[in-house]
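Data block below; observations after.
The values are calculated or read from the model by the stated rules, or taken from the named source; none is laboratory data. None of the values given here were measured: they were computed from a predicted structure. So basically every Cβ, Gly included, is an ideal-geometry build from the backbone, and we count neighbours across all protein chains shown.
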Amino acid sequence: MILHATPLFRFGESLATVDEAGRIVQMNAERFTSWVEDYLVFTRPSKDGDQVESIGKDMAGKIMAADQFRVQLRELKAVSEVRLPIWIGTGEERRVELAPAGFDAGTGMYTVERIAYREDLNMKEAWAILWTNCLKDFPWDPEGSDCIPAKRRSFAAQLAVMVGIYCHALFEEGTPRPLIIYNANQSGSGKSLLMRVALAPVYGPPAESGKPETEAEFEKVLDSAAIARKPYLVLDDCKAIYSPALNRFTTSPIHECRLMHSQRLTTVPKSTQVVATGNDLAISEDLNRRALVVDLFEAGEAAARTFKKEITPSWLFAPSTRADFLAALWAIVRQWRDDGMPQMSSNRRASFEEWSGLVGGIVEAFGLPNSFAPRQAEAGGDEAGRALHLVIGRLVGEADLNEPPVLTTGDILERAEIDGMLELIVGMAKDPKKALGWRLKKLKGRNLMDTQRRPFEFGRRELAAGAKYPIRFL
């Protein structure tokens, strides 16, 4: 009871403290023996009266393991270095306010206010910070629409990503969150930079990693993220998104995983937001249902672009820049709150109704289009078929318009393996060449699109040595 109000918490199955920098530090028996003396002393009876005496690690371990001790400690669910929106009150009195500094019992979040920001920004100022100063130069995919870039679905989707991350604490642990995908038609379009723009206001420079090569390795990564209650997991520069483990992780509110160095299984409520980036990713109809996709399309050469203002890491991660973004995001949330907290009007995603309804409602209240509207950029079809189209499109995209290529099964197999899509396309077939040939046979005469968005016809010519596939640009 003495330690109830101290920064010692139950964190998952362990005990941990929060330091001044907002880091979660696991408590062990050796550390506990000296740490606890900042709050109380232990004494041992003697003939001369009670003598102050430090406890050993054995006694510390017994205290830390005691149910009577652990039940008095508060449960820590998250730590934030900035004040985030939380729910205050219940019923008709329920409203959204910024979390107080320190521990909030309602959310289980500990806030170390390292970056203060304005709470009175107006909509004009918020728009200038988000659009004029940062996002206007990105190549938002028009998806067949002539609307101005600021009204395109993908820009609305980017703002939804930023709002969703900023409003992380408005959702209880276990609330399913859609997979965030940044999909571009070529390298250098800005997908990874946009991912950092979305995460930087709340988390600063984000930790980034690639997608593991095997499903078993990927399951371990997802297990670790769930056990550690990581607020986000970045899979940067993916060649393919296909993963049954990721599908389960995205839609399930509870994640069952094996504890490290143990055969014991445990279940944890999932709160990790997964973010993936890649070029020409195979986004099937099923994956699209589980994801919020930001599509980028650069018609010219991405590497040749020039900008009046470069978005550098030093600018993006600077405390002053983060403070500006946070103030703009709070202005958007505040306007939505004051408008009666409307939910998104349409296209709420099955399995993600709560997240898409609230986040989509905030974006619409800001005057942007529905960020969950159907993507016109998607090609549809099954995921394996979409992946095959992309592999062929990449091969054709490297060809000169005046010299259409003639592809072979070997060419396509080799490129699929390089791009990490071979298993997705041919599955576990004993003869990948034969399995691929069966798929390619069904493509004869189909009109496809290469990575430069040049339409072409996919042909097939039977030869004694095997089939070849001539390309004819349309």
By residue number, the members of the range 201-233 that are within 23 Å of Leu76 (Cα to Cα) and hydrophobic (A, V, I, L, M, F, W, C) are Val202, Ala207, Val221, Leu222, Ala225, Ala226, Ile227, Ala228, Leu233
The one condition Asp280 fails out of (1) closer than 21 Å to Tyr166 by Cα; (2) touching a residue at least 60 places away in the same chain (Cβ under 8 Å) is (1)
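So which of Glu173, Glu208 is among the acidic types (Asp, Glu), touching a Ser or Thr at 6+ places or on another chain (Cβ under 6 Å) and in the same structural domain as Ala328 (by TED's automatic domain parsing)?
The conditions single out Glu173.
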Within the range 304-317, of all residues that are of a type in the set (A, V, I, L, M, F, W, C) and farther than 13 Å from Leu199 by Cα, the one farthest from the chain's Cα centre (by Cα) is Ala304
Among strands (runs of 3 or more DSSP E) completely within the range 196-291, the ones holding 2 or more residues that are in contact with a Lys or Arg (Cβ under 6 Å, 6 or more places away or on another chain) are 232-238, 273-279
For the range 298-314, the count of residues that are within 16 Å of Leu135 (Cα to Cα) and modelled with pLDDT of 85 or more equals 4
Screening Ser224, Ser145, Ser154 for residues that are over 30 Å from Leu395 (Cβ atoms) and of a type in the set (S, T, N, Q) leaves only Ser224
Counting only strands (runs of 3 or more DSSP E) wholly inside the range 1-100, the ones holding at least 1 residues that are of a type in the set (S, T, N, Q) are 14-18, 24-26, 78-80
Screening Val18, Val25 for residues that are under 22 Å from Ala228 (Cβ atoms) and in contact with a Phe, Trp or Tyr (Cβ under 6 Å, 6 or more places away or on another chain) leaves only Val18
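Would you check which residues across the range 156-179 are assigned to a loop (DSSP other than H, G, I, E, B) and more than 13 Å from the chain's Cα centre (by Cα) and list them?
Cys167, Phe171, Glu172, Glu173, Gly174, Thr175
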Within the range 132-149, residues being surrounded by fewer than 17 Cβ atoms within 10 Å (Cβ to Cβ) and either within 20 Å of Phe317 (Cα to Cα) or under 24 Å from the mean Cα position of the chain (by Cα) (or both) number 5
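Can you tell which of Met428, Met421 is at pLDDT below 85 and either of a type in the set (D, E, K, R) or under 29 Å from the mean Cα position of the chain (by Cα) (or both)?
Met421
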Restricted to the range 248-280 and to residues being at pLDDT below 85 and of a type outside the set (S, T, N, Q), the residue farthest from Ala225 (Cα to Cα) is Asp280
Going through the range 326-366 in order, the residues found to be hydroxyl-bearing (Ser, Thr, Tyr) and surrounded by 19 or more Cβ atoms within 10 Å (Cβ to Cβ) are Ser356
Only unsatisfied item for Asp48, checking (1) within 30 Å of Thr267 (Cβ to Cβ); (2) free of Cβ contacts under 8 Å to residues at least 24 places away in the same chain, is (1)
Some residue of the range 240-250 being surrounded by 15 or more Cβ atoms within 10 Å (Cβ to Cβ), of a type outside the set (Val, Ile, Thr) and touching a Gly at 6+ places or on another chain (Cβ under 6 Å): yes
In the range 21-37, anything hydroxyl-bearing (Ser, Thr, Tyr) and loosely packed, with under 15 Cβ neighbours inside 10 Å is listed as Ser34
Exception for Phe317 within (1) surrounded by fewer than 20 Cβ atoms within 10 Å (Cβ to Cβ); (2) in contact with a Pro (Cβ under 6 Å, 6 or more places away or on another chain); (3) modelled with pLDDT under 95; (4) hydrophobic (A, V, I, L, M, F, W, C) falls at (3)
Of the conditions (1) at pLDDT 90 or above; (2) more than 35 Å from the chain's Cα centre (by Cα); (3) exposed (fewer than 11 other Cβ atoms within 10 Å of the Cβ), the single one that His4 does not satisfy is (2)
